[in-house]
Structures are given as C-alpha cells and as structure tokens.
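I have placed the structure first, in the form of structure tokens, so that the comments after it can refer back to it.
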Amino acid sequence: MRFLGSANMKLLWVVGFMGLLFCRRTDGTFIREVNVTQEQDLHYTESNVYGYAAYGYGVFTRPLMVGLTLVNGAAAKGAVCLDGTLPAYHIHRGYGSGANSWLIQLEGGGWCDTIRNCVYRKKTRRGSSAYMEKQIPFSGILSNKAGENPDFYNWNRVKVRYCDGASFSGDSQNEAAQLHFRGQRIWKAAMEDLMSKGMRYANQALLSGCSAGGVATVLHCDGFRGMFPATTKVKCLSDGGLFLDAIDVSGRRTLRSMFRRVVSLQGVQKNLPRSCTIRLNPTLCFFPQHLIASVKTPLFLVNAAYDTWQIQASLAPRTADPNGHWHACTNNNANCAAWQIKFLQGFRNQMLNAVSGFSRAGKNGLFINSCFSHCQTERQDTWFSQNPPLIGNKGIAKSVGNWYFDRYSIKAIDCPYPCDKTCHNLVFK
C-alpha cells in the first residue's frame, strides 16, 4: 500500500478497513484519492468502509455495526446461496418520522460465469452465508447519523447480502458441482421476510443497490413497486450499475461475453423483463442500458462516467491488453496518455447516449459525474461529507434526497474529465 502526496509529507493519522485507506495530513488537508490494492474485492471494499476520515470531518467517525440475520424458511422455498446455505441480510430499525419508511440496499460484488468460478465463489462471503461477516458497518446511505445521511438516517435500513452471483436473478442448479443458482428465489424470500417484519406497512420505500446490486435494482424495480399499495411512495436507486455493452481496447466485447455465460449458466433468461426480451436477446437484456427506459417506477442513476470497474474489467482487462499498455492508466487516471483519455471520453459519450431516452422522463433522475470511481452511495466520503463530489453545487446525497422527495428535478451530468476537481478518484497499487 502506498500513500498519495509528497514523500516527506507526515501523516497525522491513517485509518482503514480491508485495505481502503483515508489519510489526513498534518496541515489538515485531505488526500482526496482513495488507494486500494489491485487484489481487493472492489465492490465489497467500497461499500463497507468504516475507517474513513470523511474528507473534512476532521475526526474519526465509527459507524453503526449491524448484525447478520438469516432468512429462516428460505431453504423450503429453494432460496439458498450457491453452496446451499441460507441467504441473509442486515437490518437496523427506523424510528420517529422514519418508522414506516424502508430503504433496501442490494449488495454488489461481480458475477460468476463458469462452474469453476462459482465453485470458488461458494467458499466465500459471495456464495455462502457461512463465510459472511457477523456484523458489517452501515455508512453512507445506510448511516444512522443525521449529519451523514440527512434524508434516510432514521428509516428502516436493510442490506441484503449477495450470494448467488447473478444479480439476484438466476434460477437453476448444477448438481454435479453442487451449485444452487437461486438469486431470483433469494430476492423473493428476502422481500417476503421483510414484509412480514413490517415492510408491508411502509408509507415510503426506496430500493437501491451498488454495482451488481445496481443491476439487480433495475431488474427488480417494478416488481418491488408491485409489492406495495398504490398509496406507498416507491422509487429505486441504481449506483454504479450502468454497465455498458462496450467494445474493449482489443476490439472485442469482454463484458458481453461474460454476461452471456452468466445468463446461460444461471438460468437468468426466464427472469428478465419481457419488455426487453421481445426485442433483444437475453444477454443484451442483462445490460441495464437496454432496460432503464422501460422501467415504469421512478429510477435514479448514480454513476461515474469513467467507472473504474468497467475500465479495469470490461474496457481494458488483461485479456484485451496482454502487453500491459493500459496497466498504468487503469490503476491511476493521472497516468493515462492523451490517446487513452480520448478512448475513455468515447466511453463517456456511450454512457450519455445510453441515458438520453431515460432522462427525458420527468420521474427519473441522474447524477453522472466525471470521476474515476465505482459505487458512491455507500462510501461516506462520496455520499455526504464536507467535501463530497459535486455537480454544480449539489452532492450525491442531496441530489438523491431532492429527487426522492420531489423537491427538485435532478438531471445532473458533469462536464468531461478533467474539469471536475471535486472527485474522490480511486487509485490502485
């Protein structure tokens, strides 16, 4: 792990969780970039930060730790993780004005697209509740502090753990490898369990998710709306989930190939929106870009125009860049050459084209900033802090809150890199 800044800069303190570090210099300023190791599970690291300096708070703030709850009775419905263990979630009850308001956060964490990958995954927290943490920190949009999460801090807040590897949408199995692809059933069982614990009485509800959980949010948004009476205010928020069917640096479509394997292996086809599958093949209908315009429920998209996961795993993965020409650039945007930035600007343009029809609907919202980041609602520094990423004079938390509560219409799209100086860019070792 290395630190950003001058070599002789003394650090007053360093705090971290699972490799994600934030540093404050002795002069009181903050190192804005986030430094993580290449081997880290980026989805999990970003969504579970508790060692944060909060970029301007000036004090260490330890978030609420919330225990694991197994979904009892799920096995009888065939709703199990890859290894057959029970699915799970973390819940912190709301109070006061938020007692009947519910925020459901679907965890992200990539996908498994081959038997071999899924067998490996089932021996991790991404495929088995036996390996899940007994407690996790609630920060960002899950925080219980008004000063960190002004609009949702006193809601019932739930983190649904991700243990199927297909964005809560598969329904199949592989007996030989003892793999259970039951994401769709996990989604249904978890929601039924939460409804029985009071969510059925919600007067307000927000379904959200990060990364693969952001894909799941788009896939299940209208179904979530359908669980509640028409009088319940229901909206959805997809963070870092706008994965694009983009051409990689070798001229191929790495992510399309991966999604094709996920959809086929895990039996996702039957659970994809028919509004899409009557027009396109199932693989393309796993890409949110082909789904968002037909989602009837109000939907908000938070995304970095230069999404670091997509840059590393979709645009310039090692398989597409065997000679490593992109290695330095994908690790740190400051190392990108002019021709590489030009390529990335083309990716940004594709993203803006993908949301053009979606953004015309008054019910929808957007916050697309020109940062090198991925998943910004669960990290406290990017969700709500003294120096958050901004578009105009609005940060992500205020933009989402203004949209959810119908205070303002939010269609915020940043100017292209490098104009935004408020970004909390991710830098990899």
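The values are calculated or read from the model by the stated rules, or taken from the named source; none is laboratory data. Everything numeric in this text was worked out from a predicted model, so none of it was measured. Using ideal geometry, Cβ is built from the backbone for each residue, glycine included, and neighbour counts are taken over all protein chains shown.
When the stretch 282-312 is limited to residues that are in a helix (DSSP H, G or I) and in contact with a Gly (Cβ under 8 Å, 6 or more places away or on another chain), the one that is surrounded by the fewest Cβ atoms within 10 Å (Cβ to Cβ) turns out to be Ala293.
Among the residues of the stretch 158-173, those that are part of a loop (DSSP other than H, G, I, E, B) and within 19 Å of the chain's Cα centre (by Cα) comprise Arg161, Tyr162, Cys163, Asp164, Gly165, Ala166, Ser167, Phe168, Ser169, Gly170.
Among the criteria (1) surrounded by fewer than 21 Cβ atoms within 10 Å (Cβ to Cβ); (2) touching a Gly at 6+ places or on another chain (Cβ under 9 Å), the one Arg379 does not fulfil is (1).
Just give me the residues in the stretch 226-269 being surrounded by 18 or more Cβ atoms within 10 Å (Cβ to Cβ), small (Gly, Ala, Ser) and in a loop (DSSP other than H, G, I, E, B), in sequence order. Gly240, Gly241, Ala246, Gly267, listed by residue number.
Filtered by the rule that a residue be modelled with pLDDT of 50 or more, of a type outside the set (Asp, Glu), in a loop (DSSP other than H, G, I, E, B) and within 30 Å of Gly170 (Cα to Cα), the stretch 38-85 gives Val71, Asn72, Gly73, Ala74, Gly78, Ala79, Val80, Cys81, Leu82, Gly84, Thr85. Restricting attention to the stretch 174-225, the residues that are closer than 15 Å to Val71 by Cβ and in a strand (DSSP E or B) add up to 1.
Here's the yes/no breakdown for (1) surrounded by 17 or more Cβ atoms within 10 Å (Cβ to Cβ); (2) over 19 Å from the mean Cα position of the chain (by Cα); (3) assigned to a loop (DSSP other than H, G, I, E, B):
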| residue | (1), (2), (3) |
| --- | --- |
| Gly357 | no, yes, no |
| Leu366 | yes, no, no |
| Ala397 | yes, no, no |
| Arg407 | no, yes, yes |
| Ala412 | yes, no, no |
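Among the criteria (1) over 28 Å from Gln266 (Cα atoms); (2) assigned to a loop (DSSP other than H, G, I, E, B); (3) of a type outside the set (D, E, K, R); (4) touching a strand residue (DSSP E or B) at 6+ places or on another chain (Cβ under 8 Å), the one Gly147 does not fulfil is (4). The set of residues in the stretch 313-332 that are touching a strand residue (DSSP E or B) at 6+ places or on another chain (Cβ under 8 Å) and part of a helix (DSSP H, G or I) comprises Thr330, Asn331. Pairs linking a residue in the stretch 116-131 that is among the small types (Gly, Ala, Ser) to a residue that is at pLDDT 95 or above and in a helix (DSSP H, G or I), with Cβ atoms under 6 Å and 6 or more positions apart or on different chains, are Gly127/Arg121.
Which ones in the stretch 270-281 are assigned to a loop (DSSP other than H, G, I, E, B) and closer than 18 Å to Phe168 by Cβ?
In the first step, residues of the stretch 270-281 are kept if they are assigned to a loop (DSSP other than H, G, I, E, B); the result is 272-273, 278-281.
Listed by number, the residues that qualify are Leu272, Pro273.
Of all the criteria given as (1) within 30 Å of Lys233 (Cβ to Cβ); (2) at pLDDT 95 or above; (3) buried (at least 22 other Cβ atoms within 10 Å of the Cβ); (4) not aromatic (Phe, Trp, Tyr), the one not satisfied by Cys112 is (1).
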